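The values are calculated or read from the model by the stated rules, or taken from the named source; none is laboratory data. Computed from a prediction, not measured in an experiment: that's the story for all the values here. Ideal geometry is used to build each Cβ from the backbone, glycine not excepted, and the neighbour counts take in all protein chains shown.
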Amino acid sequence: MQADLIVTNARVLTMDAGRPRAEAVAIRAGRIQAVGTAAGIAALTGPQTRVIDAGGRTVLPGFVESHLHLVLGGAELTQLQLGGLHGMDALKAAFAGYAGKHPDAPVLLAQGAEYGILDHPVTRHDLDAVIAERPIAMMAPDHHTVWANTAALRAAGLLHGAAMPHGHVVVMGDDGLATGELREFEAFGPVLALGGEAHLQLGIATGGEPDPWPDAAQRESDKRKVAAGLAHCAAHGITAMVNMDGNRYTLALLAEMEAEGRLTARVKVPFHFKPHMDMSELDRAEALRSEFHSDMLRSGFVKMFMDGVIDSRTAFMLTDYPDAPGERGEPLFEADRFKAICAEIDRRGLQIAVHAIGDGAVRQTIDGYEAAQRANGRADARHRIEHIELIDRADVPRLGALGITASVQPPHPPGVMDFPLEPTMSVGFAPERRRDAYLWKTLKDHGAPVAYASDWPVTDVSVMRGLQGALTRQPYDGAGDERLDLMESLHAYTAGGARAGHLEDICGALVPGLGGDLVVIDGDIEAIPPERIGQTGIALTICAGRITHDGGVLGL
């Protein structure tokens, strides 16, 4: 039977242990029809077959992005980008240029403001000196802190403070007014809402649904933002993704796009369980699992946050922050209640993914998964911990023993890609603890499955840049080499990510019967020096047999 599409003359790395290498791939009806030699696959050519000559380039399964925020990332593509910018003069110039292009925007939002963007902690007065007459705000790269000027605080009703859930803080000054620093989602949500996109933040901020439900015009506007995010991801070879925030509205938007033929990647979306929720809210998670389960769109897991981030000292640590004696952060869930929640989610057959950055948060998360296993027995749950930036050595073997996936991000360690070493290292890592930071290889060596991701838009979504970071990161003082090798890293971006997301039935490897998802790398990835991999382009991305990105180098 003839193929619809053949990619041939390629260095195919299948991620299939039974046949790790090949020369050509055939796709029919959106699925892998065959993988083999160029001559063997040529026999499937018919008059309607599209044949693509890869010119000796590397072909891999489409990349699986195991942790990103698609809707937020798509919406932020048009906002002011401050990555790599430092100093007041540069900040003023950037905002002035952006303000001139957006004279009617109700709030001027910027992304990527490093914690050390100024030589002192940012206040509303600093941002008043940038622009005073219009509301402006800038978000840290980790998306856990926002700084706003006085006009924005006033417009959002935060200038005089506001009651916040545990772990979410409007920082107040000695004058009784907000300083401008807003920590965690519910604190800065009112500022983001000034831009008219509050309903898009609900999946990460509250786990709730928009009320009223957006009308057709609003949904179409939102779908354009999602489409921009999908195109951005496709340009980096991504064909499947785990969206780490979500609600029914997110899934409904994506389902509409699937029906319209506009969903160009496979997406898995969670139900976001917040600390204030009653256990009965998990009925919503089960409903989402039942209602959304296609080859392109799925639910079936629950996302929670155990802590915040290191730079704002909201990550939960077992020991004091080195620059703040007596301060360790706090968990967002009480320990015994978290164990009960994990047991109930696990009983319902749902997967769990928990954001845990500090070693205290990691331990409490492991304890919750262990309690679930004691209560319900061991199943193929594949519960996950997201980030694991610091872990106590005693907890390392527990992940492998309990079958917990280490979902980690190569762009995150300070000094590796876009995050500077300071102030993060001084704030969060005492010299004697740096050996316990970002232990990807150690966790894998102790049996934990590893999945790689970017956490876009927290960092650049580029898999090639992330891969370079994974292969070139240098040990911190006193620490061991925590790099996985090239094939292990590629596995973590493909088959490892698919398994972590319960998606191996449809993607992650080039095997007959799986989805027709592949990426053509512009070069021989095994011959490219690690320090140059990040500059390597994506020649072609194919999802479900459909070309979703053409890099223009294959002459298609």
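Worth pointing out:
- Filtered residues of segment 372-414 (kept if farther than 18 Å from TYR452 by Cα and touching a Lys or Arg at 6+ places or on another chain (Cβ under 8 Å)): ALA372, ALA375, ASN376, ASP392, ASP395
- Residues of segment 157-196 classified as closer than 24 Å to VAL309 by Cα and under 28 Å from the mean Cα position of the chain (by Cα), total: 22
- Test for VAL146: is it within 30 Å of PHE333 (Cα to Cα), of a type in the set (Val, Ile, Thr), in contact with a Pro (Cβ under 9 Å, 6 or more places away or on another chain) and touching a residue at least 40 places away in the same chain (Cβ under 8 Å): no
- Residue tally, condition in contact with a His (Cβ under 9 Å, 6 or more places away or on another chain), assigned to a helix (DSSP H, G or I) and under 17 Å from ASP436 (Cα atoms), over segment 340-364: 2
- Per-region count, segment 392-415, residues in a loop (DSSP other than H, G, I, E, B) and surrounded by 20 or more Cβ atoms within 10 Å (Cβ to Cβ): 7
- Answer residue from segment 280-318, given it is touching a helix residue (DSSP H, G or I) at 6+ places or on another chain (Cβ under 9 Å) and of a type in the set (Asp, Glu) and is surrounded by the fewest Cβ atoms within 10 Å (Cβ to Cβ) among those: GLU291
- Scanning segment 473-529 for residues that are in a loop (DSSP other than H, G, I, E, B), under 15 Å from ALA17 (Cα atoms) and without any contact (Cβ under 8 Å) to a residue 60 or more places away in the chain turns up just one, GLU504.
- For segment 85-107, the candidate set comprises residues that are closer than 17 Å to LEU118 by Cβ and among the hydrophobic types (A, V, I, L, M, F, W, C); within that set, the residue that is surrounded by the most Cβ atoms within 10 Å (Cβ to Cβ) is LEU91.
- Which numbered condition GLU133 fails, given (1) assigned to a loop (DSSP other than H, G, I, E, B); (2) under 30 Å from ILE238 (Cβ atoms): (2)
- Scanning segment 417-434 turns up no residue that is closer than 23 Å to LYS303 by Cβ, modelled with pLDDT of 95 or more, under 25 Å from the mean Cα position of the chain (by Cα) and not β-branched (Val, Ile, Thr).
- None of LEU72, LEU77, LEU82 is within 26 Å of TYR249 (Cα to Cα), surrounded by 21 or more Cβ atoms within 10 Å (Cβ to Cβ) and under 25 Å from the mean Cα position of the chain (by Cα) except LEU72.
- Count - residues of segment 114-139 that are small (Gly, Ala, Ser) and at pLDDT below 95: 1
- For beta carbons closer than 7 Å, sequence separation of 6+ or different chains, a first residue in segment 534-556 that is more than 19 Å from ASP460 (Cα to Cα) and a second that is among the small types (Gly, Ala, Ser) and in a strand (DSSP E or B), the qualifying pairs are ALA544/GLY515; VAL553/ALA539; LEU554/ALA539.
- Residues of segment 306-319 satisfying the condition of being hydrophobic (A, V, I, L, M, F, W, C) and touching a Lys or Arg at 6+ places or on another chain (Cβ under 8 Å): PHE316, MET317, LEU318
- So ALA437, is it of a type in the set (Gly, Ala, Ser), farther than 30 Å from LEU288 by Cβ and in the same structural domain as VAL302 (by TED's automatic domain parsing): yes
- Pairs meeting the criteria (first residue in segment 93-108 and farther than 11 Å from ARG134 by Cα, second residue among the small types (Gly, Ala, Ser) and assigned to a loop (DSSP other than H, G, I, E, B), beta carbons under 9 Å, at least 6 apart or on different chains) are TYR98/ALA105.
- Sole exception among (1) of a type in the set (Lys, Arg); (2) surrounded by fewer than 17 Cβ atoms within 10 Å (Cβ to Cβ); (3) touching a Ser or Thr at 6+ places or on another chain (Cβ under 9 Å) for ARG382, by number: (2)
- Among the residues of segment 312-322, the ones that are touching an Asp or Glu at 6+ places or on another chain (Cβ under 7 Å) and touching a residue at least 60 places away in the same chain (Cβ under 8 Å) come to 6 in all.
- In segment 259-279, the residues that are closer than 16 Å to GLU209 by Cβ and either at pLDDT below 95 or buried (at least 22 other Cβ atoms within 10 Å of the Cβ) (or both): VAL269, PRO270, PHE271, HIS272, PHE273, HIS276
- Of the residues making up segment 1-30, those that are of a type in the set (Lys, Arg) and crowded, with 19+ Cβ neighbours inside 10 Å are ARG11, ARG28.
- Of the criteria (1) in a loop (DSSP other than H, G, I, E, B); (2) out of contact with any His (no Cβ under 9 Å at 6 or more places or on another chain); (3) under 26 Å from ASP89 (Cα atoms); (4) not small (Gly, Ala, Ser), which one TRP147 fails: (1)
- Only one of LEU282, LEU192, LEU251 that is hydrophobic (A, V, I, L, M, F, W, C), at pLDDT below 95 and part of a helix (DSSP H, G or I): LEU192
Residues are listed down the side, and each one gets a yes or a no for (1) charged (D, E, K, R); (2) within 30 Å of VAL519 (Cα to Cα); (3) not assigned by TED's automatic domain parsing to the domain that holds ILE131; (4) not in a loop (DSSP other than H, G, I, E, B):
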| position | (1), (2), (3), (4) |
| --- | --- |
| ALA187 | no, no, no, yes |
| HIS199 | no, no, yes, yes |
| ALA228 | no, yes, yes, yes |
| ALA231 | no, yes, yes, yes |
| THR239 | no, yes, yes, yes |
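- Only one entry in ALA38, ALA34, ALA42 is among the hydrophobic types (A, V, I, L, M, F, W, C), surrounded by fewer than 22 Cβ atoms within 10 Å (Cβ to Cβ) and under 33 Å from the mean Cα position of the chain (by Cα), namely ALA34.
- Complete set of residues in segment 454-473 that are hydrophobic (A, V, I, L, M, F, W, C) and under 12 Å from VAL408 (Cβ atoms): ALA470
- For segment 533-546, the criterion of being of a type outside the set (Lys, Arg), surrounded by 22 or more Cβ atoms within 10 Å (Cβ to Cβ), in contact with a helix residue (DSSP H, G or I) (Cβ under 6 Å, 6 or more places away or on another chain) and farther than 18 Å from ILE6 by Cβ is met by at least one residue.
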